[in-house]
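Below is one structure, written out as structure tokens; comments come after it.
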Amino acid sequence: MPQDIEWRFPRHARSVGRARTLLREQASSWKLPDEVTETAVLLLSELMTNAYRHAKVSPGREIWARCVLDADRLRVSVADANDTLPTPRDASLNDESGRGLALVASLADEWGAEPRTVGFGKTVWFELVHRQPCEPRPRLTGSDGESMRQRFSDQS
């Protein structure tokens, strides 16, 4: 059964950092692998920054972030009140911005943007495939596969 969480943020620069912190905490409670967590935090930061910078909407409008975890995927979405769907662009070497969606496209297993189904605005999302962590395996083994830790503790 999927697990999900949603946050609402004011359209403010500080919300980007707050979103990163909340996602990192939630990923830890879900026991997501570090690589998935770090990629998700980076990509969420890009989407939140885009929503903050480009969603020129009335004061008081919020940016919504939602994370849905199911058996093998983490889906992160960011919704804002601007109806304009984003399009990736080719940033030149001298550009100081404009690489966020290209980063999302290259690191996410899937991503997209769509008009919101309720109200106005859009939702930009990405998905990362994950595997739930397994029980830790002993790193050191003897020739017969016995854990070195177990072998030494049996001898004492």
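For segment 17-88, which trypsin sites (Lys or Arg not before Pro) are in a loop by DSSP, counting at most 11 other Cβ atoms within 10 Å?
Details: sites: Arg18, Arg20, Arg24, Lys31, Arg53, Lys56, Arg61, Arg66, Arg73, Arg75; in loops: Lys31, Lys56, Arg61.
Those satisfying the criteria are Lys31, Lys56.
If R0 is 30 Å, what FRET efficiency do you get for Arg116 and Arg18 from their C-beta distance, rounded to 0.05?
On the way: r = 22 Å, r/R0 = 0.73.
In this case the efficiency is close to 0.85.
Once the piece of chain linking Ala105 and Met1 is laid out straight, how much longer is it, given 0.36 nm per residue of separation minus the C-alpha distance between them?
Between Ala105 and Met1, full extension yields an extra 34.7 nm.
In nm, what is the difference between 0.36 nm times the number of residues separating Arg89 and Val68 and their Cα-Cα distance?
4.8 nm
Values quoted throughout were computed directly from the atomic coordinates according to the rules given, and no laboratory measurement underlies them. All figures in this text were calculated on a predicted structure; none of them were measured in a lab. Don't worry about glycine lacking a Cβ; one is built from the backbone with ideal geometry, like all the others, and counts go over all protein chains shown.
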